[in-house]
1. In the range 204-239, which residue that is within 8 Å of the ligand (Cβ to nearest atom) and among the hydroxyl-bearing types (Ser, Thr, Tyr) is modelled with the lowest pLDDT?
2. Name the single residue that is farthest from the ligand (Cβ to nearest atom) among those in the range 188-203 being among the β-branched types (Val, Ile, Thr) and open to solvent by 10 Å² or more (accessible area, probe 1.4 Å).
3. Considering only residues that are more than 16 Å from the ligand (Cβ to nearest atom), surrounded by 14 or more Cβ atoms within 10 Å (Cβ to Cβ) and among the acidic types (Asp, Glu), look in the range 149-181 and name the one that is farthest from Thr132 (Cα to Cα).
4. Quick one: count up the residues across the range 72-111 that are assigned to a helix (DSSP H, G or I), open to solvent by less than 40 Å² (accessible area, probe 1.4 Å) and away from the ligand (no atom under 16 Å from the Cβ).
5. Taking Lys16 as meeting all but one of (1) assigned to a loop (DSSP other than H, G, I, E, B); (2) modelled with pLDDT of 95 or more; (3) of a type in the set (D, E, K, R); (4) surrounded by fewer than 16 Cβ atoms within 10 Å (Cβ to Cβ), write down the number of the exception.
6. Enumerate the strands (runs of 3 or more DSSP E) found wholly within the range 162-251, keeping only those where 1 or more residues are farther than 20 Å from Phe142 by Cβ.
7. Within the range 201-208, can one find any residue that is touching a strand residue (DSSP E or B) at 6+ places or on another chain (Cβ under 9 Å) and touching a residue at least 40 places away in the same chain (Cβ under 8 Å)?
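The values are calculated or read from the model by the stated rules, or taken from the named source; none is laboratory data. As the structure is a prediction and not an experimental result, all values here were calculated from the model. Here the Cβ positions follow ideal geometry from the backbone for every residue, glycine too, while neighbour counts run over all protein chains shown. All accessible areas refer to the heavy atoms of the entire protein, side chains included, with ligands and DNA or RNA removed. Shrake-Rupley method; radii C 1.70, N 1.55, O 1.52, S 1.80 Å.
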Amino acid sequence: MSDRKPLIAGNWKMFKTNDEAIETVQKLIKNVGQVTDVDIMIAPPFTALSVVAPLVNNSSIGLSGQNMHWEEKGAYTGEISAEMLINIGCSYVILGHSERRQYFKETDDQINKKVHAALKSQLKPVLCIGETENERDSNKTFSVLDKQIEIGLQGVFIDRIVDVIIAYEPVWAIGTGKTASDEQAQEVHTYLRKRLNDIYNDSVAQSIRILYGGSVKPNNIKGLMTMPDIDGALVGGVSLDADQFSAVVQY
Ligand code: PGA
């Protein structure tokens with residue numbers, strides 16, 4: 001048995017005004033605010049972080065940004081830095097989400113710079129990787145993941161890698177209702193752990209948390225979590241509903 005503590009993370013994407021965010025977080029705190037056997041993280045939109053931060057303080061719910069820039073500061077209109085996220089109370093940041101890659105053309109090199117900037121500021125990066133349906137159909141799943149993980153983690157030394165969380169999110173399963181089967185997900189997670197072993201060593205590979213993401217719901221989380229290499233979930237749509245997300249947390 002591994003001693004990796006499960007992490008259930010909610011990515012709110014571009015949803016919720018501040019009033020809606022407060023209401024959701026108050027319910028979440030009531031439902032799961034004292035859970036200690038699972039780490040919980042939510043990533044509200046940037047605009048809601050400052051109203052949510054005081055609410056989750058002293059609860060077991062951690063805060064995350066959904067993205068950030070790699071520079072510390074500067075003339076980058078519309079961007080936000082690691083230090084700003086730390087200062088507002090975040091301890092995590094989601095990086096390289098497939099929607100950032102697809103719609104905003106983020107590259108593995110840029111994502112790698114963000115991983116370094118996050119680690120430098122003591123934010124835990126949640127590095128998202130995953131293949132598209134086309135790539136899976138043409139048997140490119142593993143080569144795509146290799147490239148994303150190798151470039152994404154380039155230059156991250158062994159003493160810092162334990163703060164990195166990997167989220168495997170097959171793009172064809174995000175927001176589509178199609179989930180990878182427990183075994184399909186496990187196969188990829190085993191592969192990723194093996195790659196981490198090749199790049200670092202076995203103890204690193206055994207200690208890094210690898211989350212699964214893509215249409216995770218209360219009725220499929222249990223099966224996923226019985227897989228030995230799945231250490232939690234990155235949840236999109238379902239994380240918008242406090243009761244549903246709480247049910248995922250309490251799988
Ligand atoms: P979904 O999104 O749970 O709505 O499929 C997952 C994600 O984008 O992280």
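1. Ranking the candidates gives Ser215 first.
2. Going through the range 188-203, the residues among the β-branched types (Val, Ile, Thr) turn out to be 188, 190, 199.
Filter once more, keeping what is open to solvent by 10 Å² or more (accessible area, probe 1.4 Å): 190, 199.
Details: Thr190: 21, Ile199: 24 Å.
Result: Ile199.
3. Residue satisfying both the conditions and the ranking: Asp163.
4. Looking only at the range 72-111, we keep the residues that are assigned to a helix (DSSP H, G or I), and these are 82-88, 98-103, 108-111.
Now narrow it down to the ones that are open to solvent by less than 40 Å² (accessible area, probe 1.4 Å): 82, 85, 98, 108, 111.
Within this subset, residues satisfying the condition of being away from the ligand (no atom under 16 Å from the Cβ) are 82, 85, 108.
Result for the range 72-111: 3.
5. With (1) assigned to a loop (DSSP other than H, G, I, E, B); (2) modelled with pLDDT of 95 or more; (3) of a type in the set (D, E, K, R); (4) surrounded by fewer than 16 Cβ atoms within 10 Å (Cβ to Cβ) applied to Lys16, the lone miss is (4).
6. Numbers: elements: 165-168, 210-213, 232-235.
Answer list for the range 162-251: 165-168, 232-235.
7. Of all residues in the range 201-208, those touching a strand residue (DSSP E or B) at 6+ places or on another chain (Cβ under 9 Å) come to 208.
Keeping just the survivors that are touching a residue at least 40 places away in the same chain (Cβ under 8 Å) gives 208.
Within the range 201-208, one or more residues are touching a strand residue (DSSP E or B) at 6+ places or on another chain (Cβ under 9 Å) and touching a residue at least 40 places away in the same chain (Cβ under 8 Å).
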